[in-house]
Every structure is written in structure tokens, then in C-alpha cells.
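Everything on this sheet refers to the single structure shown next.
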Protein chains: 2
Amino acid sequence: MAVSVGLVGTGTVGRGFLEILAKHHDDFLRHYHIDLQVTRVCSRRNDVACELGFSNVFTYDFHDILNDTSIDLVVELIGGVDDAFDIIAGALQAGKSVVTANKALMAQRGKELFALAHEHKVELAFEASVGGGIPIIGPMKHALISNEISCVMGIVNGTTNFMLTCMAEQNLSYDQALQIAQQKGYAEADPSADVDGLDAAAKIAILSSIAFNTRITLSDVYAQGIRALTPLDLEAARDMGYCVKLLAIGRRSEAGIEVRVHPTMIPRSHALASVKGVYNAVYVVGDAVGDLMFYGEGAGSGAAASAVMGDVLECARHIQGNVRSFVGCTCSDTLPIIAMSQLETKYYLRFPVVDSPGVLASMASVFAQHNVSIYSVVQRGKKDKDTVEVVYVTHQAREQDIMAVVEEVAALPDCLRGTPALIRVED
Amino acid sequence: MAVSVGLVGTGTVGRGFLEILAKHHDDFLRHYHIDLQVTRVCSRRNDVACELGFSNVFTYDFHDILNDTSIDLVVELIGGVDDAFDIIAGALQAGKSVVTANKALMAQRGKELFALAHEHKVELAFEASVGGGIPIIGPMKHALISNEISCVMGIVNGTTNFMLTCMAEQNLSYDQALQIAQQKGYAEADPSADVDGLDAAAKIAILSSIAFNTRITLSDVYAQGIRALTPLDLEAARDMGYCVKLLAIGRRSEAGIEVRVHPTMIPRSHALASVKGVYNAVYVVGDAVGDLMFYGEGAGSGAAASAVMGDVLECARHIQGNVRSFVGCTCSDTLPIIAMSQLETKYYLRFPVVDSPGVLASMASVFAQHNVSIYSVVQRGKKDKDTVEVVYVTHQAREQDIMAVVEEVAALPDCLRGTPALIRVED
């Protein structure tokens, strides 16, 4: 008995999905006894469907898929939130399992969708929503569940990691790196979702929800992107034995959960420091298992389609085996989310200041007033004859105190000569 | 309804298993609605069971577990082949699912056990048999199944990786490194299973069986250990930009499957090169997903117990959900295994030879006779005034030709002054 699939979306991942099926349909049948058939394809454009031989089952209207009672499983690959919600919710309500790669939707309306899947006794799978082809949601929902996870963090946006790699290795500016990323097709014409950290924020919301058994939505995540990073700061990081990565971090502590995305200085010896270009990696720390890292291609047609097809085959196994004992929503706790102002970590701060006696002393007293203890201070090469760059690395400090320091240094009379830089440090 | 577990074996991993349960029983109940109860413990010694509060359910006779019809699931953690086979086979025949960490048994008699599990409609899970706590079998049997895997390789023995890290970083001999490993408890008094590559061979047999859908048993695997490695060769590797790791390699080609374990020179820029100490990592290449790496602690009580408990919870989910559609044996192909003599790769060869005119020419002609093309040749520092070390790196060559070269160089009159070294090279 064939498992009948309706595909919505024929962009990069949708095409990859159809290509895998064309190549491996017979292998899936031989190995897993699954006869997977795409019986309906929906998209805004019919070119890919026609090119790949699906013109006779093509439709512009996704209701044709929802209303087709012979379809067991819907694959949603259009992205975005509103239309995708209607498609997925409609499919679940129609008793069809759903596989999606949609991180934005899962990070914003995952709870509603899980409730629908549960109500209608069907499955909702989303491995491809985080880390492209890297198996990470599966392991966290299965192999690792005997652990209390204390930390899940990673490089989950290939575009910005490519740009940061360019900036660090070729000493380029943000604008130059963006241009290269756009030329190579790694960055969109409007790169905001990537460079402002929103894509990574959705992904860490999903990972943290699973890791901490607590529903975390996109709006819970502090997100700061890479637009403000300068070659000067990357160079200073390198000189101190660090590199700068856009890390998405979820961490459990006594007080609750931190969930945040921002440029982060990590030691060059850390496993995540060696993740370069468009590669992704997710680092997980569990109380029994210790430190784990999952590494692979975070984007691209094949990688994401691999994860989508893996989910589809797993759902197909369940459909064929008439299995209804799915692992759905695992948010059985409601741990508090720690406000960003209460974060405690180390900080890199760079102030371009006037080169005159007394300035360092004034700044030091601001740090002291706010109980921010300094690990190192270095005065770096002059920009012009009147301005010097003063670089501080702090010991563990509280975010709100650091913000107060930055504000008060800015208010010192005749001191600041440019925009200060702040990068959080993970050791 | 509780899920009732019988535990056989209370060594390092068995203790870790009981400790995880003591710590997280209530979490498992809250998050996964699984009330896991260890209702019987069997071991050769009762000290751990008594210490951890299981003296009242302790037995020296595993039949007490097999004959207890209230037990749903048996956890086998005694290791070894014969007794473990009897326990697992008996449990499966009694209709109990089984979780094991036993790589030697799975690599030698996995096929029989899978047949029994299938026949009796129960589950056989063995995530902990490879890579300690690293989820690798789960991802390969689920998330990655849409891929044709071309290569699975890794550092899967923590003992030897620790020793090689010591040898490389502290310039120690094999014997010195072994002594440190034994002092730290990483190596057994009889270290053969680790240092001769047999442990790694069992693990790559298991991984290759899954990756290539073809049953590969321990006896199919070429295994060469690290006893013959010298600081001289590690130093030569370093000078050429390589490091030496005991790699377990499974690779698919047109002609069939290679499955082998041996010291291997890999570029220092390769992701596996940065895996140090007792850490493990498995590298997987799939046709859709591209390159992936799974990294973590390969040994230790917590890591292995994490994997065992993950399997137990997954089996418990299935038992509670009355799910009978398990993923069992996936060996649905019978690809041929390529004889080691037919292997094609690059080779590092070191010959200690007499320092006299004509020797290099004689050796070169031996290489030429066997059509082995040389990429580089370097004469390294003299050992004594009459002997020089000549180091070759070849282009791609066939194993049987390389072996012929080594044999014929050894037979050259007045040439060889010591044992030649051979290390295969992966680029």
C-alpha cells in the first residue's frame, strides 16, 4: 500500500525533496517497504512541477490537497507564517500528518499546531526547521531524553557564519562580506532575517523548547545580529585567542532559562570555533551524556530535503504500521525565562575615546561604581591622533550593570569619540 | 502503568543506569508519562545493587529475570558474547524487549538476535554499543534514511585516541602512553581489545551494517591496531600537515564496501583531527545531506548510561503505546565486501635503510615495477651514522602493490636496517 504525499512548495527544498524521491523511491521500497508517492503538488508557480514530471497533479490551490482524502501526509515547504499555518492546521484537522521545515511558524505557533496534531491523532514533524540536514530534533526528542539538558547552543545560521568567516579570514567589513554572500546566493537581497539574528532566534526557540521541556516562542528570545561588527573587533578577538560567532544560546540555571542570539566571543580552541563558512553546528550539554556536538551543512537544497524526507519516511512508517503513539509536544514544564538585564556573563567592550590624561581613570571609576570587575584592559592602535581604542574584557558581570557602564561612559564629558562596541564572551 | 525493567550487569554502565533512574524517575514520569521501575537486578556481585537499594530484588541467576512474566524489558550490560547472547536471546524469546550496550555481540551475532526480536515482535535497541553517549545509531536508522550513505568513519575508541593524543602532544612512545592510559583507568590491564583495534572493528561493523543496509560481521573487518606506531612516524606526519588517528572506516564504492580499522593519517584541518583525548566522533557522508559529524564522550559511566536509558525510554514508549512497528534489522542489501588487497588509497611508508649510494635508486625501481606512483619522498634525520629514514607518500595505489613493494624492498641486498612503517592516508 502506497503512502500518499501532498507537497506544498516547490522552492529550493521542495525541488530537493522531489529529486531525492526520484532517485531513491525504489531504495525506500526495498529497504523500508515504503512505497512513497507524491500524488499532488501545490505551488505559486508550476515550473518546477512541470520540469520534474508532476504537471498532471499540479494545483495552485492548497485546498485541493487538504480536501483529497487519499492523501496521508502533507509536506509544507512554503515558509512564512500565515499561509503556512492555514495549510498545516488544515492538514492536521483533515487527519493528515505534516512534515515542515518552517522554523518561523514552529517558533511562533508551534503550541497551537501540536495541540491540533494531538487532537486529530496525527503527527507533526519538523527536523528540517533547525540545522538543515543535521539530525538534532530527533536526537533531542529520543536518544537524549534521559538527560537534563543544561545548555543547547550553536551556529544555526549559515549566512552569517559565512559572512563572519569572510570577515575574520579576509579582514573584510560587514558590507563587503554581505556583498560576497549575496553574490554566492547565501544571502537574500533583504538579508534582515539572517543578519539581524531572527532566523537563529526562531531556531533556538525551537531547540530550547525541546531541551528544557518549556514552550519558548520567538518573542521570548533576545536577538542581536551582526550588523555592528567591525574588523577592528574581530582583530581584537583574534589577538586575545578568541573568535566571534553568531551564537544562539539556550541555557538552564537555578533561576530559569536564558534564550538569546548575539555575536559571541568564544575561545579559538572551542569545538564551535572550527565551524566555518555555511556549516552549522549544535552543541548540547546533558547531565549524563556530557558534551555533544552535531555538525553539518545547515542550508542548501540537499541537506534540508534530507531532513524533510527523513521525517516523511518516519511518518510513513507510522502510517503503515498504524502507530498512533507519537512524540508530540514535550513542553511539560513552565520554567521562567530570565530577563536579558539579569544575564550574567563576561563582556568585551571597546570605547573609542579621546587620547588625554584622566580619561582612563574616569572610565575605571564608572566600572567600579557598577561593581563591574575588569579582567583585562588594552589600549589599541590609534585611529587618528586624538582618538584611542580602549578595549576591556570583564569578569562575570550582570547585563544591566554593563549597560549602565556603557551609558555612563557615553555621558562622560569630552570622552567618547565614536560608537562603543559590546560583544558577550563565552568561555 | 509502570514499565518493569530487569537489569543484568552492575558494572560501570549498569551503575550509571541506576543512578540516572534514581535522579530522573519523576522527570520521566512528568515529561514522558513513563513510570520506569527496575524490578529485578542480576549480577555476579551484589555490592552495587545493595549500595543503590536494590538488594531485595537482587539475583545471581539471570533466569529469574527471563522467567518473570511481569518484566517488560531487559537491559543487558555484562558485555562479552556467549552469556550475553543467552540472556538477550532468552529475553526476546520470552517476549521482552532488550536494550544492550554490547558491541562485540551485536557485531558477531546481531543477525540472529534481530531475527528473534522480529519473530517475537519485540524490540532490540543498542545505541550505546557505538560512540558511548553520542546519538548515532538512532540518526542513521531514522533521520538519515533518505540518504545513500557513501562513507561512515570515525574515532570510536577512546582509549587509543587518548594514547595517540598523548603520543602526539607529549612526544611519548606507545609504551609510555599505554602506561598513562592504564594509570587513568582508560586502558585495561590487558589492553588488546582496544590497542589492536578489535573494539573499533566491532563498532564499524555495526555502523556499516546500518549505513550500507548490508550485514557486516566482526570477521569481515580488517583490523590493525596502534602497537607499531612510533614517535618518529607521528612527527613525520606532523611535519607534513597530518595527524595520525585510529580510524574505523566504512566506505561504499562501485565495487562494494570497504570496512577497516587502522592508524590513518588525516589532514590536520579535517574535523576528525580536532577530536582529542577520550572523545569519540563519527563522520557520515550522505548523497543528500553532505558531510555530518557527531561528536561527544565515547566512554564513561554517564555517557553510555545516557544512551542505554534513552533506548529504554524509547522502548517503554512503545510498550506503553502498544506499538509493534519497530525498526529492526535494516540489512536489505547484500553488497560485496572488498578484499583488503584491493583497497586503493594513499600510503605513508618509512624505510630505515643503509646510507649508501644506489639504495634510493634501487627502491625507486621497486616502486616503479609495481606501478606505485610517489607523491613525495623525504630523507629524515639519521638514527646512526649508517642508517637513514626514507619516508615516502604515494599517490592513490592498490594495497596489494604496496605490500609487494614493502616485501621487495625488504629483500633488496644490504638495504633495510629496521622494520618499515606503513600508515594509510585519507585526504
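Bear in mind these aren't lab numbers, they're just calculated from the coordinates by the rules spelled out. Quick caveat, the model's predicted, so the values are computed rather than measured. Because the Cβ atoms are built from the backbone with ideal geometry, glycine has one as well, and the counts that use them run over all protein chains shown.
Only helices enter this figure: runs of n ≥ 4 DSSP H residues, each worth -39500 (n - 2.57), summed and divided by the residues of the protein assembly as shown, yield -11500 deg cm²/dmol at 222 nm to the nearest 500.
Plugging the Kirkwood radius over Cα pairs into Stokes-Einstein for segment A:340-425, at a temperature of 25 °C and a viscosity of 0.890 mPa s, what D comes out in µm²/s? Once the numbers are plugged in, D ends up at 191 µm²/s. Between the amide H of B:Asp355 and those of B:Thr387, B:Val388, distances stay under 5 Å, these residues lying 5 or more places away or on another chain, with hydrogens modeled in the peptide plane. Computed from label points 7 Å out along Cα-Cβ, the spacing between B:Leu232 and A:Asp83 is 6.9 nm. Couplings 3J(HN,Hα) of segment B:329-335, computed from phi: 5, 10, 7, 9, 10, 9, 5 Hz, in residue order, whole Hz [Karplus 6.51 cos²θ - 1.76 cosθ + 1.60, θ = phi - 60°; x for Gly and Pro]. Each pair of Cα atoms in chain A enters the Kirkwood radius, and Stokes-Einstein at 25 °C and 0.890 mPa s then converts it into a translational diffusion coefficient of 106 µm²/s. Compute the normalised compactness of the protein assembly as shown: alpha-carbon radius of gyration over 2.2 N^0.38 Å, N being the residue count. This ratio for the protein assembly as shown stands at 1.01. In the elastic network of chain B, a GNM with C-alpha springs shorter than 10 Å, the most mobile of B:His142, B:His262, B:His31 is B:His31.
Hey, if you drop one equal point scatterer on each alpha-carbon of segment B:227-299 and run the Debye formula without solvent, what base-10 log of I(q)/I(0) do you get at q = 0.14, 0.24 Å⁻¹? With one equal scatterer per Cα and no solvent, log10 I(q)/I(0) is -0.54, -1.24.
Amide H contacts of B:Gly225: none lie under 5 Å away among residues 5 or more positions distant or on a separate chain (H built 1.01 Å from N in the peptide plane; Pro and chain starts excluded). Listed from fewest to most Cβ neighbours within 10 Å, the set A:Asp291, B:Asp175, A:Asp233, A:Asp194 follows the order B:Asp175, A:Asp291, A:Asp233, A:Asp194. The other copies place their B:Glu148 label points at 4.7 nm from this one, listed shortest first, where each point is 7 Å from Cα along Cα→Cβ. The mean number of Cβ atoms from other chains found within 10 Å of a Cβ in peptide A:146-159 is 2, as a whole number.
Here the simple spin-label model places points 7 Å from the Cα toward Cβ, and for A:Ala115 and A:Thr419 these points are separated by 4.1 nm. Among the trypsin sites (Lys or Arg not before Pro) within segment A:181-223, those in coil by DSSP and having at most 15 neighbouring Cβ atoms inside 10 Å are A:Lys184. Beta bridges assigned by DSSP with both partners in the protein assembly as shown are antiparallel in approximately 70 percent of cases.
Restricting the calculation to alpha carbons of segment B:72-171 gives Rg and Dmax of 16.3, 54 angstrom. Here segment B:137-297 is treated as a sphere whose radius is the Kirkwood value from Cα pairs; by Stokes-Einstein at 4 °C and 1.567 mPa s it diffuses with a coefficient of 81 µm²/s. For the residue pairs A:Lys245/A:Lys385; A:Lys141/A:Lys346; A:Lys141/A:Lys203, alpha carbon separations beyond 25 Å are given by A:Lys245/A:Lys385; A:Lys141/A:Lys346. Given R0 = 45 Å, the distance between the Cβ atoms of A:Ala2 and A:Gln179 translates into a calculated FRET efficiency of 0.40.
For chain B, excluding the exposed loop sites themselves (GluC sites (Glu not before Pro), DSSP loop, at most 14 other Cβ atoms within 10 Å), the longest remaining stretch covers B:1-187.
Using DSSP to define loop residues, name the chymotrypsin sites (Phe, Trp or Tyr not before Pro) in segment A:11-100 whose beta-carbon has at most 13 other beta-carbon atoms within 10 Å.
Of the chymotrypsin sites (Phe, Trp or Tyr not before Pro), the ones in loops of segment A:11-100 whose Cβ has at most 13 other Cβ atoms within 10 Å are A:Tyr60.
Where the centroid of each part is defined by its Cα atoms, how far is segment B:185-207 from segment B:380-427 in Å? Measuring centre to centre over Cα atoms gives 27 Å.
In loop segments of segment B:20-117 as defined by DSSP, the trypsin sites (Lys or Arg not before Pro) with at most 15 further C-beta atoms inside 10 Å of their C-beta are B:Arg44, B:Arg45.
Sorted from closest to farthest, the other copies place their B:Arg324 label points 1.6 nm away, with each point set 7 Å from Cα along Cα→Cβ. Taking the DSSP bridge list for chain B and keeping only pairs wholly inside it, about 70 percent are antiparallel. Reported value for segment A:168-213: 97 Å³ per residue, from the convex hull of its C-alpha atoms. Sorted from nearest, the other copies put their B:Gln179 label points 6.1 nm away, the label point being 7 Å from Cα in the direction of Cβ.
Of the complete DSSP H runs in chain B, those spanning 24 angstrom or more by Cα along the long axis with a mean Kyte-Doolittle score not below 0.0 are B:301-321.
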